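First up is the structure itself, then whatever we jot down about it.
The values are calculated or read from the model by the stated rules, or taken from the named source; none is laboratory data. Predicted model, so just to flag it, every value in this text is computed and none were measured. Neighbour counts are summed over all protein chains in view; Cβ atoms, including those assigned to glycine, are modelled from backbone coordinates with ideal geometry. Surface areas here come from the heavy atoms of the whole protein model, side chains and all, with no ligands, DNA or RNA. Shrake-Rupley method; radii C 1.70, N 1.55, O 1.52, S 1.80 Å.
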Amino acid sequence: MKERLGLILLGPPGSGKGTQAKLLTEKYNIPQISTGDILREAVKQRTELGLKAKKFMNQGELVPDDVVVGIIEERLRKEDCERGFVLDGFPRNIEQAHALEGILKKLNSQITQTINLAVGEEELLKRLSGRRICRECGEGYHIIFNPPTNGGICNKCGGELYQREDDQEDTIKARLAVYAEQNAPLIKYYQGKGLLHRVEGKGSIQQIVERIITTIEGTRRDD
Ligand code: AP5
Ligand code: MG
């Protein structure tokens, strides 16, 4: 039997973490855990968490570590994570990486591969400015690279597509700046553990998922 997968997708805003995480959940039957999606849902529901997170998100800043670490611990404790998991958007800084390690230790679980999606800034800007998302099911689209068949309507569920509030030009710049500042120590950390794999993130969505799967299968151990 192959070992249970504990995947992390790293990469700048717009590098395709969410897009690829969804495909990996289908391939491996493991849940996608996206702190961004969880926070956006809380904002939509106007929960206490959502009200707290909203101002950070709209400025392109990170939501405080204690908040997101709590979210992740709660999520990783759910039964479906016993099959494995793919983390999308967490950890975002070295403090979160350390906290994650502590949580996984308690749960007798571990990270098996960290995939770092590499995409240049010009491409990121194009991807983020054209991104659209389904209000109902969260499916992601791009007006040019991955358009819905029917205008502003989701192919999967017929829901209305919308543009994320933080996909405005100024907020995109702030998010890219936060990423540039916080990411290098994370890369070093996972490199030091021998878990980091750089995957070229430019190409078609299908090409990229194949690259990721090849990387996973090439490094996956037997149980
Ligand atoms: P989050 O939601 O995680 O946003 P992000 O990291 O900025 O990443 P994105 O979701 O923008 O990009 P992605 O890599 O998922 O790309 P996607 O697949 O959509 O976080 C949002 C905010 O929440 C943060 O700013 C922060 O405030 C807060 N937050 C979240 N996690 C946190 C944490 N751990 N700590 C603190 N705060 C946290 O693709 C982008 C577009 O490109 C889409 O339109 C897609 O269709 C298209 N596309 C994808 N692949 C390709 C391809 N190969 N070719 C062409 N187009 C493509
Ligand atoms: Mg995302």
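Remarks
- Of 184, 99, 118, the one that fluctuates the most in a GNM where the chain has Cα springs shorter than 10 Å: 184
- Modelled FRET efficiency - R0 25 Å, residue 59 with residue 135, Cβ distances, 0.05 increments: 0.65
- Just checking the listed ones, 60, 152, 84: in the Gaussian network model of the chain with Cα springs under 10 Å, the one fluctuating most is 152.
- Accessible area per residue, Å², the chain with all protein chains present, probe 1.4 Å: 53 Å²
- Net charge, residue 159 excluded, C-beta distance under 12 Å - Lys, Arg +1, Asp, Glu -1: 0
- With a cut-off of 12 Å between beta carbons, the residues surrounding residue 58 carry a summed charge of 0, where Lys and Arg count +1 and Asp and Glu -1.
- Centre separation in Å (Cα based) which lies between the range 96-174 and the range 175-193: 18 Å
- FRET efficiency, residue 110 to residue 156 (Cβ-Cβ, R0 22 Å, nearest 0.05): 0.10
- Taking a ≥ b ≥ c as the square roots of the eigenvalues of the alpha-carbon gyration tensor, the range 91-223 is classed prolate because a/c is 1.5 or more and a/b outweighs b/c.
- For a label point 7 Å along the Cα-to-beta-carbon line of residue 82, residues of the range 6-33 with backbone N under 20 Å: 6-7, 28-33
- DSSP-assigned coil residues among GluC sites (Glu not before Pro) in the range 134-183, each with at most 15 further Cβ atoms within 10 Å: 136
- Global form of the chain, assessed from the alpha-carbon gyration tensor, a/c cut-off 1.5: rounded
- Total formal charge among the other residues, if their Cβ is under 10 angstrom from that of residue 3, Lys/Arg +1 and Asp/Glu -1: +2
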